[in-house]
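The values are calculated or read from the model by the stated rules, or taken from the named source; none is laboratory data. Worth saying up front: this structure is predicted, and the values here are computed from it rather than measured. Backbone-built Cβ (ideal geometry, glycine too); neighbour counts: all protein chains shown. These accessible areas exclude ligands, DNA and RNA; they are computed on the full protein's heavy atoms, side chains included. Shrake-Rupley method; radii C 1.70, N 1.55, O 1.52, S 1.80 Å.
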Amino acid sequence: MMIIIALSFLLITFLNFRAGRSKALKIRENTSIHSLPEYYGYYTAFWFLIPVTLIGISWLLFSESLITSFVLSNLQKEIVNFNEIQTLNFINDFKNLSEGRNITGEISLLLKEAASLYSYFSTVSNTLLIFACLSIGLFGFYISINKVSSVFQARNAIERYINYFFLASTCIAILATAGILFSVVFEAIRFFGVVDLDDFLFGLKWSPQMAIREDQVGSSGAFGAIPLFVGTILISIIALLVAVPVGLMNAIYLSEYSPSNVRAYAKPMLEILAGIPTVVYGFFAAITVAPFLRGFGEFVGLSISSESALGVGLVMGIMIIPLVSSLSDDVISAVPQSMRDGSLGLGATKSETIKKVILPAALPGIVGGVLLAASRAIGETMIVVMAAGLSAKLTVNPLDAVTTVTVQIVTLLVGDQEFDSPKTLAAFALGLTLFVFTLVLNYYALRIVKKYREQYE
Amino acid sequence: MEEELDSNFKTVGNIRTEKSVIMNVEDCNVYYGDVHALKNVNMEIGKSEVLALIGPSGCGKSTFIRCLNRLNDTIDIARVTGKISLDGKDIYSDYINTSGNMDVVLLRARVGMVFQKPNPFPKSIFENVAYGPKIHGLCKDKNDLNNLVESCLVKVGLWDEVKDRLEDSGTSLSGGQQQRLCIARAIAVQPEVILMDEPCSALDPIATERIEDLISELKQNYALVVVTHSMQQASRISQRAAYFHMGNLVEVDSSNKIFNDPSHPLTTNYISGRIG
Ligand SMILES: Nc1ncnc2c1ncn2[C@@H]1O[C@H](COP(=O)(O)OP(=O)(O)OP(=O)(O)O)[C@@H](O)[C@H]1O
Ligand SMILES: [Mg+2]
C-alpha cells in the first residue's frame, strides 16, 4: 500500500516535470528563454516533491505518538488505575494487535477496543496525510508552473536548491555528531553527579563492580580511571613503536626506492592489510601472538602474561602500519621533485637526500600522520577486547596484563544493566574522556598536516 | 620549420671550443621510453666560457643539460647512450668501477646545477649553503665552514642582504634572492662546471640583471652552460651558443656568429623570428 502511494507520488513528480518542461518548450517556440527547458521541468517537479516529502516525514515522525495519545485519552476511564509500566505494556500490546502481530497473554476486550481505535485513527491519519500532501504539493506545483516564463531564471534557481541539498546533508552529519556528543555529555554529567571529577580523573583504583550491589549504589565503587589511561597509553605506545619505524621505512621505500613494478604490487598489498577487519587482528592477537609470547617468555625465563600489553600492542602496531605508511607516503611524495634534484645535483646520495632534505621537509606531515595513528590506536576496541586483560592493574610493565578505556566501556555495558547506575554511567564518562582526547589529538594532527601541505603550495 | 632533420644530420658550425676542453660529448642519444629526445649530439664544453643553449620548447635543452651531471638517472624511463667525459674520464661508465672512471656523486660535485625554479631547501640560509660542503666533508671545522659560506654568499652578492638573518629559512627570501642562494649553494662545493636551466625565467628584470652579471663574473673560474629562452640574454652573456631543434643539435658556434650570421636555415629562422 505504502509503496503504491509512494510510486504514484513519484509518477506525479514526473508528470510535473513534463508539464514544466513542455510549458518552457512552448514558450521557446516564440521567444528565447533564459534556461534549458529541462530546468523548468526540474523546477516544477521540485516544488511538488519537496513539500510532499517534508510534510510526509514530519507527519510520520509525530503521528504515532499523537495517535497513541488519542487512543489513551478515549479510554481514559478504563485505564485510570494503570501504573506507568502497565500503560507502556498496554500501548505495546494494542499496537501489536492492531498490526496483526502475536502478543503474549490473553486478549482482553479493552485491548481489542484499543486496537481497533488505534487502527481507525491510523487510517484517518494516513488518509489525511495523503490528502494534505497532494494538496500542498499541487499548490506548490501550481505556483511554480505559473512562474515559468521566458525571463524566469530556472537554471539559477535549481543551482540554489542543489546548494541547499548539499547543505542539508552536511547538516545531517553535523547534527548526528552533535546529538551523540550531547547524549554522552549528558550521561557523563549524571555520572559526575555521583562520582567526583577529581576521583575519576586522578583516582588510582578502578573497580566499578563494587557499585553494583543495590544497597551501595554510587556510594563505594572505585572509579579512578588512571589505570585505564595508563593501560591505554602503554598499549598505544607499543603499537606506535612497531608501526612508526616499519610504516615510515615502508613509505620511504615505496616512494623513493622501489621500482614502479614493485610499488604496483606492494601498495595494494598494504591496502589489503588496512582492510582486514579488526576482529581478525583480535583473534590473531589472542590465539597466535599471545601464546607465542608466553611460550617464548617461559623459554627465556620471563613471566609473560597471556594477555600482555606487549602482545596486544604488537598486533595493534601491525594494524596501524598501513595508516602510518600511507600517510607518510603521501607527505613524502608531496615534497617537490625539485628538492630531490637540488640535493642530488649537489652530489648527495639518495640516502643523504632522504635523511637531510626529504625527511626534514616532510617531518611535520609525518608527525601529523603519527598523531592520527596514535588516536586510532587509543580508540581501537576490538583487538583489546579480545586480547587485553580486564583487571585494572596500574603498571607500566609491558609483559603484564593491562586493561584499556575501550575494554572497560565494553565490559561496563555488556549484559543487563540498570541504565542509571554509576557503573553504566561510568561508561559514558570514559567515552567522553576518550572522545575529548582523540579530538584534541586529531585536531592537532590535522592542523600540522594542513600547515605542511600549504608550505609547498 | 617543424620537419625533422634526417637521421644522419651533422651539426654545422664549430663543435670545438677555443678554450681548453673540460667536457666532451660524443654521439649522445637520449630516449624517454620510445621518445628519442636527443639525437647524436657532439660538442665540446670549454673552461672559462659561457655556453648558451637555445631552441624552441621541447627541443631537448633540459634533456641535454641533465645528461651532463647524470640527473637523467633519476628518471626511470630515461636511457642515455654515447660517451660524455669530464677531463677525459667517462662519466657514464662508473659501473665498470675502474679508476679511470668517475662515480656519480663525485661527478655531481664537480658539475653543479641551478634550476629553473629556485629550489632552496626548507632549511636556514646558512644550512642551504653549507649543505654541499657538509656532505662532501670539504671543511675541517666550523670556522672553515663559516668562511666558506660567507665567501659563497659574497660571490653571489647576497651576503650584505642576508648576513644578519642567516638562520632564517631559505624559503623566506624573494625569488631573485632564492635563485642567488641556489647559485651560492652550487658553488659552495667548488664545482668546475655549472649548469643552469633557465635560471632567470622565474625572475623579474632587475633580479635577472643581477644573475646575468653574476654569470659573467662566474665564468672566470667556472665553465657555464646556460639554457635560456631569451635571445638577448644569450647574446649578452655567452661566448658560444648552441641551437637545438627537435632533439638535434643544429648549430653550435661562437655567439657572435650564431646571433649575427647563422649558417643553418633553421637557426636563421629561429633567431630572426625571435629578434626581428
Ligand atoms: N621525464 C620525461 N619523460 C618523458 N618524456 C620527457 C621527459 N622529459 C622530457 N621529455 C620529452 O623530451 C623532449 C625534450 O624535452 P626537454 O625538457 O629537454 O625540452 P626543453 O628543450 O628543455 O624544453 P623547454 O624549453 O620547454 O624547457 C620533449 O619532447 C619532452 O616531451
Ligand atoms: Mg627545459
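Taking only the Cα atoms of chain B, how large is their convex hull per residue, in Å³?
130 Å³
For the stretch A:312-431, what are the per-bin percents of Cα-Cα distances with bins 5 Å wide, up to the bin holding the maximum?
So the P(r) values, bin by bin, are 2, 10, 15, 14, 12, 11, 9, 8, 6, 5, 4, 2, 1, 1, 0.
Report the Stokes-Einstein translational diffusion coefficient (µm² s⁻¹, integer) for the stretch B:1-134, Rh taken as the Kirkwood radius over Cα pairs, at 25 °C with viscosity 0.890 mPa s.
147 µm²/s
Report the residue, chosen from B:179, B:232, B:116, that carries the largest GNM mean-square fluctuation when chain B is represented by alpha-carbon nodes joined by springs under 10 Å.
B:232
Please compute the contact order of chain A in relative form: average sequence separation of alpha-carbon pairs under 8 Å and at least six residues apart, divided by the residue count, as a percent.
16 percent
With 21 Å as the cut-off, how large is the P(r) tail for the stretch B:187-276, expressed as percent of Cα-Cα pairs?
34 percent
To one decimal place, what orientation-averaged projected area in nm² is obtained for the convex hull of the Cα set of the stretch A:122-278?
22.2 nm²
How shielded is B:66-78 by partner chains, expressed as the average number of their Cβ atoms within 10 Å of its Cβ atoms?
2
Under a Cβ-only charge scheme (Lys and Arg +1, Asp and Glu -1), can you give me the dipole magnitude of the protein assembly as shown about the Cα centre, in debye to the nearest 20?
1020 debye
Over all pairs of distinct alpha carbons, what does the Kirkwood formula give as the hydrodynamic radius of the stretch A:316-355, in Å?
The answer is 11.5 Å.
Quick one: dipole size for the stretch A:222-456, taken about the Cα centre, charges +1 on Lys/Arg Cβ and -1 on Asp/Glu Cβ, in debye to the nearest 20.
Roughly 660 debye, rounded to the nearest 20.
Residues of the stretch A:118-151 with backbone nitrogen within less than 16 Å of a virtual label 7 Å along the Cα-to-Cβ line of residue A:50, please, listed as ranges.
Only A:136-148 fall inside the zone, counting backbone N under 16 Å.
Amide H neighbours of residue B:38 under 5 Å, at least 5 residues apart or on other chains, H built in the peptide plane: list them.
Placed amide hydrogens put B:30 under 5 Å from residue B:38.
Along the charge dipole of chain A, Cβ charges K/R +1 and D/E -1, which of A:168, A:151, A:370 sits furthest on the positive end?
Positive-most Cα among the choices belongs to A:151.
Amide H neighbours of residue A:206 under 5 Å, at least 5 residues apart or on other chains, H built in the peptide plane: list them.
Under 5 Å from the amide H of residue A:206 lie the amide H atoms of A:224, each far enough along the sequence or on another chain.
Amide H to amide H under 5 Å from residue B:114: which residues, 5+ apart in sequence or cross-chain, H placed 1.01 Å off N in plane?
It is B:195, B:196, B:197, by chain and number.
Find the accessible area per residue for chain A; the probe is 1.4 Å, ligands and nucleic acids are left out, and the unit is Å².
Accessible area per residue: 55 Å².
Specify whether the C-alpha gyration tensor of the protein assembly as shown places it in the rounded, prolate or oblate class, a ≥ b ≥ c being the square roots of the eigenvalues: rounded for a/c under 1.5, otherwise prolate if a/b is larger than b/c and oblate if not.
In terms of gyration-tensor shape, oblate.
If each of residue A:395 and residue B:204 carries a label point 7 Å out from its Cα toward its Cβ, how far apart are those two points in nm?
6.9 nm
Need one word for the stretch A:123-215: rounded, prolate or oblate. Basis is the Cα gyration tensor (sqrt eigenvalues a ≥ b ≥ c); a/c below 1.5 gives rounded, then a/b vs b/c decides.
Because a/c hits 1.5 or more and a/b fails to exceed b/c, the stretch A:123-215 counts as oblate.
Could you work out, for the stretch A:243-321, what percent of all Cα-Cα pairs fall into each 10 Å distance bin, beginning at 0 Å and stopping at the bin that holds the largest distance?
The distribution over the stretch A:243-321 is 18, 36, 28, 16, 2, given as percents.
What pairs in B:47/B:134; B:61/B:134; B:61/B:163; A:356/B:83; A:450/B:123; B:83/B:140 have C-alpha atoms more than 28 Å from each other?
From the list (B:47/B:134; B:61/B:134; B:61/B:163; A:356/B:83; A:450/B:123; B:83/B:140), the Cα-Cα distance tops 28 Å for B:61/B:134; B:61/B:163; A:356/B:83; B:83/B:140.
Once phi is turned into θ = phi - 60°, what whole-Hz ³J(HN,Hα) does the Karplus curve with 6.51, -1.76 and 1.60 give for every residue of the stretch B:237-251, x standing for Gly and Pro?
3J(HN,Hα) across the stretch B:237-251, in whole Hz: 9, 9, 9, 10, 9, 10, 10, 9, 8, 6, x, 9, 7, 6, 8.
For the stretch A:2-152, what's the radius of gyration and Dmax over Cα atoms, in angstrom?
23.0, 75
What is the log10 of I(q)/I(0) for the stretch A:222-456, computed with the Debye formula using one identical point scatterer on each Cα and no solvent, at q = 0.10, 0.12, 0.17 Å⁻¹?
For the stretch A:222-456, the Cα-only Debye profile gives -0.55, -0.74, -1.18.
Over chain B, what relative contact order in percent results from Cα pairs under 8 Å that are six or more residues apart?
RCO, chain B: 27 percent.
Lys and Arg at +1, Asp and Glu at -1: add these up for the other residues within a Cβ distance under 9 Å of residue B:197 and post the number.
+1
Would you mind telling me which residue in B:161, B:192, B:212 has the biggest mean-square fluctuation in a Gaussian network model of chain B, where springs connect alpha carbons within a distance under 10 angstrom?
B:161
Compute, for the stretch B:21-271, the length of the dipole vector about the Cα centre, with Cβ point charges of +1 (Lys, Arg) and -1 (Asp, Glu) only. Units Debye, rounded to 20.
Computed charge dipole of the stretch B:21-271: roughly 180 debye.
Through the Karplus equation 6.51 cos²θ - 1.76 cosθ + 1.60, θ set to phi - 60°, convert the phi angles of the stretch B:189-194 into ³J(HN,Hα) values in whole Hz; use x for Gly and Pro.
8, 6, x, 9, 10, 10
Work out from phi, with θ = phi - 60° and the Karplus expression 6.51 cos²θ - 1.76 cosθ + 1.60, the ³J(HN,Hα) of each residue of the stretch A:261-274, listed in order in whole Hz, and give x for Gly and Pro.
Using θ = phi - 60°, the values come out as 6, 5, 4, 4, 8, 5, 4, x, 4, 4, 5, 5, 4, 5 Hz.
Which of the aspartates and glutamates could a cross-linker bridge to residue B:155, judged by Cα under 16 Å and excluding same-chain residues fewer than eight apart?
Correct list for residue B:155: B:192, B:209, B:212, B:213, B:217.
Using only atoms on other chains, find how many Cβ atoms lie within 10 Å of each Cβ of peptide B:131-137 and report the average.
Average neighbour count from other chains, rounded to a whole number: 4.
Which of rounded, prolate, oblate describes the stretch B:103-177, given a ≥ b ≥ c as roots of the alpha-carbon gyration tensor eigenvalues and a/c under 1.5 marking rounded, otherwise prolate only if a/b is larger than b/c?
Taking the square roots of the gyration eigenvalues as a ≥ b ≥ c, the stretch B:103-177 is oblate.
At 222 nm, what helix-only mean residue ellipticity would the protein assembly as shown give, in deg cm²/dmol to the nearest 500, using -39500 (n - 2.57) for each DSSP H run of four or more?
-19500 deg cm²/dmol
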